[in-house]
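What follows is a short report on a single structure.
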Amino acid sequence: MKILNFRNTSTIFLLIFSLFTVCRLFICPCGTCFLSVFCSMPRVFYFGLITVYLAITVSMAFFSSSGFHYHEVFSHGDRGKPLLALTFDDGPDPETTPKVLKILRKYNVRAAFFIIGKKISGNEDLLRCIVDAGHLIGNHSWSHSVLWDFYPSGRLADDIARNINETEKITGLRMKLFRPPYGVINPMVAKAITKTKVKVVGWSFRSFDTTAGSPESLLSKTISKTRPGDILLFHDSSKLTAGILEKIIVSLQERGFGFIPLDELLKLQAYENV
């Protein structure tokens, strides 16, 4: 358990806040005890304390691998071996996912696809193709709403479970691996993760392929930033990625990297009862 986490941070700020409040209500008569430090603080300290607390808790929600809000997030493999895991988010996409699958088949690379549940309808055969080709499927929520991480924990848990249940009906596989939308983990998301008992997978290389300016910049960034043990995050819904994926795979292989399935890199079980 990491010392810097949501629970410990909240406890420390609550203690300081309580001491300051007590001092304001019952001012230290001697003015020399340790509480006198809090008695001398101006009232604006209240607002400053709250602001700092909110800034820490909100900003750390965007750094899921820190373990601040949830203690166990898998973000990379063994740094001592030149092995990588290729992952894709936001599919299945009927236009670009087949192109990605074709390239992966050509180079015999097995990847992990973190799928959005609401995209399955109409793409059931494509989902089966992903599985039949030997790739892993993971949970990227059902809705992937822009407000997803603002929902109460019960609704989030239902959203995660819905994707698991619907995907199992089509593939027969019950997913255990989960990647939160936008990579955000806050206290509500953490509770939903605990309730659904999924394993959280992050990344150590984020391509930002959905906002990349050009194929050249994306390729250059990938080559220069990739390290042994990395989990590479791309999107199979991105036309840019589909168009340059072959060059990315070849370039990394030429530099001595090998690709292995995500579950092998992390030594995790991707599905229940398999």
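The values are calculated or read from the model by the stated rules, or taken from the named source; none is laboratory data. No experiment lies behind these values; they were computed from the predicted model shown. Note that each Cβ is placed from the backbone with ideal geometry, even for glycine, and that neighbours are counted across all protein chains shown.
Would you point out which residue out of P228, P215 is within 30 Å of D125 (Cβ to Cβ) and either surrounded by fewer than 18 Cβ atoms within 10 Å (Cβ to Cβ) or among the aliphatic types (A, V, I, L, M) (or both)?
That would be P215, the only listed residue that is within 30 Å of D125 (Cβ to Cβ) and either surrounded by fewer than 18 Cβ atoms within 10 Å (Cβ to Cβ) or among the aliphatic types (A, V, I, L, M) (or both).
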Seminar exercise, completed: If we keep only residues of the range 124-135 that are out of contact with any Phe, Trp or Tyr (no Cβ under 7 Å at 6 or more places or on another chain) and in contact (Cβ under 8 Å) with a residue 24 or more places away in the chain, then the residue surrounded by the most Cβ atoms within 10 Å (Cβ to Cβ) is L127
Exercise. If you check S143, S121, which single one turns out to be surrounded by 15 or more Cβ atoms within 10 Å (Cβ to Cβ) and either of a type in the set (S, T, Y) or free of Cβ contacts under 8 Å to residues at least 12 places away in the same chain (or both)?
Worked result: S143
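Just to confirm my filter: which helices (runs of 4 or more DSSP H) fall fully inside the range 164-274 and include at least 1 residues that are of a type outside the set (S, T, N, Q) and closer than 23 Å to S66 by Cβ?
Correct list: 187-196, 215-225, 262-266.
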Seminar exercise, completed: Condition set in contact with a helix residue (DSSP H, G or I) (Cβ under 6 Å, 6 or more places away or on another chain) and among the small types (G, A, S), scope the range 180-206, selection surrounded by the most Cβ atoms within 10 Å (Cβ to Cβ): answer is A192
Problem set entry | Number of the exception - S121 against (1) within 19 Å of the chain's Cα centre (by Cα); (2) in a loop (DSSP other than H, G, I, E, B); (3) more than 29 Å from S251 (Cβ to Cβ) | (1)
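From the list D125, D78, D132, D90, which one is on the phi > 0 side of the Ramachandran plot and charged (D, E, K, R)?
On the way: D125 fails: on the phi > 0 side of the Ramachandran plot; D78 fails: on the phi > 0 side of the Ramachandran plot; D132 fails: on the phi > 0 side of the Ramachandran plot.
Only one candidate passes the filter, namely D90.
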For this session: Quick one: in the range 229-274, of everything that is among the acidic types (D, E) and modelled with pLDDT of 95 or more, which residue is nearest to the chain's Cα centre (by Cα)?
Result: D230
Problem set entry | Of all residues making up the range 87-100, the number that are surrounded by 23 or more Cβ atoms within 10 Å (Cβ to Cβ) and of a type outside the set (S, T, Y) | 5
